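The values are calculated or read from the model by the stated rules, or taken from the named source; none is laboratory data. A quick note: this is a predicted structure, and the numbers were derived from the prediction, not measured. We place every Cβ from the backbone using ideal geometry, glycine too, and count neighbours over all the protein chains shown. Note: areas computed on protein heavy atoms with side chains; ligands, DNA, RNA excluded. Shrake-Rupley method; radii C 1.70, N 1.55, O 1.52, S 1.80 Å.
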Amino acid sequence: MARETCVYCGAALSEGVREEALLAAKRVLGTKTLADLEAAATGQVSALSPRRYIVIDTTAASVEAIAEACEVSVWEARQWKAATRYRLVKVTSDPPEHSMESRLKEHGLSVHVVPEETVARARTPVRLEAIDAAGLPVGCTLRNDPEAPSVRRELKEEDLVLVISASIRREKLKEPISPKKAPDVRLEDAFLVHLHLRGETRPWEIDPRRTAFEGAGLASAHMTTLALVRRLSATVPHDEGFKNQVPAMAPGLDPLSELVGLKETGAKAPREQGLVVLDNVSQFREYSAWRGAIALVDTGRLR
């Protein structure tokens, strides 16, 4: 698992450590067996072939064509069309002539191929620390790197290509004192928004729990975020397809424990004993990465 912060203490990791973790994650994802992984780690095999994300446009083909090309039932293909326009069908490193994409094209499907390198860059979003939503254009304070100072940027709507929003499932799982007792699970609602812009390889991320909204107003951060999304999506495509994905839970961080004041003073955030935070943030960022890449290619704005 490659991440920007330490999984144990939450401290920001250096660029070298993050790059090493990303390479290790690629080795894990690119090997099918433990023996192959050990061989790759010891340099006994050649470098892994770059992988490709194969995505189909479900609106550009009939249900029967999708079912036959993807080798699924007609009922499942119908669910794909109802759920979202773009469907990720496979991540592969096979040669194009021997992979699924050639068969999909033979059946007349509209196929998008996104390089893994593009997804890897977009998988780590730029965090928006503050937003002046009332401004024209919208003023944003963002931080490209956790160790770098924040900068002020303008969100120009003509540069905006795609808005992706999603409800994030977050669970706080408290380990039981007795193995006979069921674990204490508390569900908490969360919300994330990604803004994909022209000339940007990484999306801007709005998290109402961590992004401050400047200016007067009594509305909550969540409601202000929804209002901003509605305003931006009036002229830019808005993707909400992630809500149809089955949540893939993974260890995450509780945003409430990342208070700016605690970071600046060096104080430690209170932590409940035996508490594990699970969420599907990584799954959403993966979805946003390849979905944003398709939007940038379609508009001719991907560098």
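Modelled with pLDDT of 90 or more, over 28 Å from Arg18 (Cβ atoms) and part of a strand (DSSP E or B): is that true of Gly139 in this structure? Can you show your working first?
Numbers: modelled with pLDDT of 90 or more: yes; over 28 Å from Arg18 (Cβ atoms): yes; part of a strand (DSSP E or B): yes.
Here the answer is yes, as Gly139 does meet what is asked.
Any idea which residue in the stretch 279-303 is modelled with the highest pLDDT, counting only those that are crowded, with 17+ Cβ neighbours inside 10 Å, outside any helix (DSSP H, G or I) and not acidic (Asp, Glu)?
Only one residue tops the list, namely Asn280.
Counting just the residues of the stretch 1-50 that are assigned to a loop (DSSP other than H, G, I, E, B) and among the charged types (D, E, K, R), which one comes out modelled with the lowest pLDDT?
Per the criteria, the residue is Lys32.
Against the definition (within 17 Å of Pro203 (Cβ to Cβ) and open to solvent by 50 Å² or more (accessible area, probe 1.4 Å)), how does Glu157 come out, yes or no? Can you show your working first?
Values: within 17 Å of Pro203 (Cβ to Cβ): yes; open to solvent by 50 Å² or more (accessible area, probe 1.4 Å): yes.
Yes: the conditions hold for Glu157.
Can you list residue pairs whose Cβ atoms sit under 8 Å apart, with the first residue in the stretch 65-88 being closer than 22 Å to Ser99 by Cα and the second being part of a strand (DSSP E or B) and of a type in the set (Lys, Arg)? Count only pairs 6 or more apart in sequence or on different chains.
Short answer, once both residue conditions are applied: Trp80/Arg87.
Any residue at all in the stretch 103-114 that's in contact with a Leu (Cβ under 7 Å, 6 or more places away or on another chain) and among the hydroxyl-bearing types (Ser, Thr, Tyr)?
no
In the stretch 70-113, which residue that is in contact with a strand residue (DSSP E or B) (Cβ under 8 Å, 6 or more places away or on another chain) and aliphatic (A, V, I, L, M) is farthest from His238 (Cα to Cα)?
Met100
Inspect all residues belonging to the stretch 71-82 and state whether any of them is open to solvent by less than 70 Å² (accessible area, probe 1.4 Å), within 18 Å of the chain's Cα centre (by Cα) and among the aromatic types (Phe, Trp, Tyr).
Looking through the stretch 71-82, none of the residues is open to solvent by less than 70 Å² (accessible area, probe 1.4 Å), within 18 Å of the chain's Cα centre (by Cα) and among the aromatic types (Phe, Trp, Tyr).
In the stretch 134-146, how many residues are within 29 Å of Leu13 (Cβ to Cβ) and either open to solvent by less than 60 Å² (accessible area, probe 1.4 Å) or in contact with a helix residue (DSSP H, G or I) (Cβ under 8 Å, 6 or more places away or on another chain) (or both)?
5
In the stretch 117-133, how many residues are open to solvent by less than 30 Å² (accessible area, probe 1.4 Å), modelled with pLDDT of 90 or more and touching a helix residue (DSSP H, G or I) at 6+ places or on another chain (Cβ under 8 Å)?
Adding up the residues that qualify gives 6.
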